[in-house]
Amino acid sequence: MKIAVKYAGLQIESDGSVGGHDAGATLVRRLLRVFPGAELIAPHVHRYPDFDVLPLEMVDAEDTVVINMDVIDSTDAWMKLKANAEQPKLMNFMWWNWTRHDSTVELAALSLACALFPTFANSERTAKAVHEYVRRWTVQPLAERARISWVNLGIRLEHVQPRHEPDRPVVLYPAIYMSERKQPQQFIDVVTKVAKRVPIQVQARLTEPHLVSPLAMTLSRNKWAWVGPLTPSRQQYWEALASTTAFLATASEETYGLEYIEALLAGAVGVLPDREWARALVPEAYPFFYRTLVEAESMLLRAVTDTAACRAEMDRAAGGSLVEWLGQRHSDDAFETSIFDHVQRWFGQ
């Protein structure tokens, strides 16, 4: 049984590697580690040292499981595979937030895809959302037969670098987009007030389109803020995290929250909104949840002026070590084992 991965945002670099810093590109690379020799779906045929690229219509549909990261077009993808196989093998990989879709057509298409084909989700929250949408937007016979499972994506713990404390506290904008869901204006409002009280450096590393967004330009005008492109490599990304003092999360919704877990593992003090998605990431007694922006300002101020004490509180909340607590619950070993086992369970002979 072979594997093919379908992702509309696929980028192939000149050296034959999967390019991109976004979550989708990272997940494609992780799937290639789990399934060595997997094919990638793209409009044109090309052979690279580590994988082949080919159109969906050319996939050996009789003996290949297609992992569809786009999901919304799974029904159409299955029909194309059906032209070359009696029983095409296709599964959904739900790794992004449903709130990016708000039209009836999109929500119905996603729900139908998740009802018809096995669905693997990136977190328990995403799986619950899939169950709810399938129940709400499809008919009962389909909803009852839906196969939905999940595991936390996790990270590769070996990426974490030794800490290097900066001369001036560094506050990270913990996202690569300044989209509405991330609520960047709230971030700017809070860090502006903190910067008036203590010397800090705010850092925001954004994708190219968001570098020139109005809010990014607003933030960059402050002498205490640095707004720039994404780091060229994962190594440099983790080195930058190792010098990050704190971050302020303002997102209204997340399916998982990989950026926050990475920053916490690197030793940053995380100031989080008191929302369900954030509480799912950390121990129940985690001390830095805010309900108002006034509370967020107070917590962030303390994070950059009494950092060691804040880290000690985070460790106590985890029963000894927050890094160990996160490592046990957010290791990518669990993800890789689980998605491999589910492919075998759903499609194995």
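What to note about this one:
- Of the candidates ALA195, ALA242, the single residue that is free of Cβ contacts under 8 Å to residues at least 40 places away in the same chain and more than 24 Å from ASN97 (Cα to Cα) is ALA195.
- Residue in the stretch 87-94 that is within 27 Å of GLN183 (Cα to Cα), surrounded by 15 or more Cβ atoms within 10 Å (Cβ to Cβ), among the aromatic types (Phe, Trp, Tyr) and modelled with pLDDT under 95 present: no
- Number of residues in the stretch 212-230 that are free of Cβ contacts under 8 Å to residues at least 40 places away in the same chain and within 18 Å of the chain's Cα centre (by Cα): the value is 0.
- Residues that are outside any helix (DSSP H, G or I) and out of contact with any Asp or Glu (no Cβ under 9 Å at 6 or more places or on another chain), drawn from the stretch 220-232: ARG221, ASN222, LYS223, TRP224, ALA225, TRP226, VAL227, GLY228, PRO232
- In the set (1) closer than 13 Å to LEU264 by Cα; (2) touching a residue at least 12 places away in the same chain (Cβ under 8 Å), ASP332 fails one condition alone, (1).
- Matching entry among GLU57, GLU132, GLU124, GLU106 (being out of contact with any Ser or Thr (no Cβ under 6 Å at 6 or more places or on another chain) and closer than 25 Å to GLU259 by Cα): GLU124
- Residue that is surrounded by the most Cβ atoms within 10 Å (Cβ to Cβ) [pool: residues in the stretch 266-280 that are assigned to a loop (DSSP other than H, G, I, E, B) and in contact (Cβ under 8 Å) with a residue 40 or more places away in the chain]: ALA268
- Considering residues of the stretch 152-182 that are free of Cβ contacts under 8 Å to residues at least 40 places away in the same chain, under 23 Å from LYS223 (Cβ atoms) and among the charged types (D, E, K, R) only, the residue surrounded by the fewest Cβ atoms within 10 Å (Cβ to Cβ): ASP167
- ARG136 surrounded by fewer than 20 Cβ atoms within 10 Å (Cβ to Cβ) and not assigned by TED's automatic domain parsing to the domain that holds ILE339: no
- Only one entry in LEU40, LEU32, LEU27 is in a strand (DSSP E or B) and hydrophobic (A, V, I, L, M, F, W, C), namely LEU40.
- Taken over the stretch 69-97, the criterion of being touching a residue at least 24 places away in the same chain (Cβ under 8 Å) and either basic (Lys, Arg) or part of a helix (DSSP H, G or I) (or both) is satisfied by SER74, THR75, ALA77, TRP78, LYS80, LEU81, LYS89.
- Test for VAL134: is it in contact with a Cys (Cβ under 8 Å, 6 or more places away or on another chain), farther than 28 Å from VAL323 by Cβ and either free of Cβ contacts under 8 Å to residues at least 40 places away in the same chain or not polar (S, T, N, Q) (or both): yes
- Looking only at residues in the stretch 293-315 that are free of Cβ contacts under 8 Å to residues at least 24 places away in the same chain and charged (D, E, K, R), the one that is surrounded by the fewest Cβ atoms within 10 Å (Cβ to Cβ) is ASP306.
- Selection within the stretch 8-26 - surrounded by 13 or more Cβ atoms within 10 Å (Cβ to Cβ), out of contact with any Phe, Trp or Tyr (no Cβ under 6 Å at 6 or more places or on another chain) and not β-branched (Val, Ile, Thr): LEU10, GLN11, SER17, GLY19, GLY20, HIS21, ASP22, ALA23, ALA25
- Number of residues in the stretch 185-219 that are more than 22 Å from SER298 (Cα to Cα) and in a helix (DSSP H, G or I): the value is 9.
- If the condition is being charged (D, E, K, R), within 24 Å of PHE335 (Cβ to Cβ) and free of Cβ contacts under 8 Å to residues at least 24 places away in the same chain, then the stretch 28-51 contributes only ARG29.
The values are calculated or read from the model by the stated rules, or taken from the named source; none is laboratory data. Being a predicted model, the structure only gives us computed values, none of them experimental. Glycine gets a Cβ as well: all are built from the backbone with ideal geometry, and neighbour counts include every protein chain shown.
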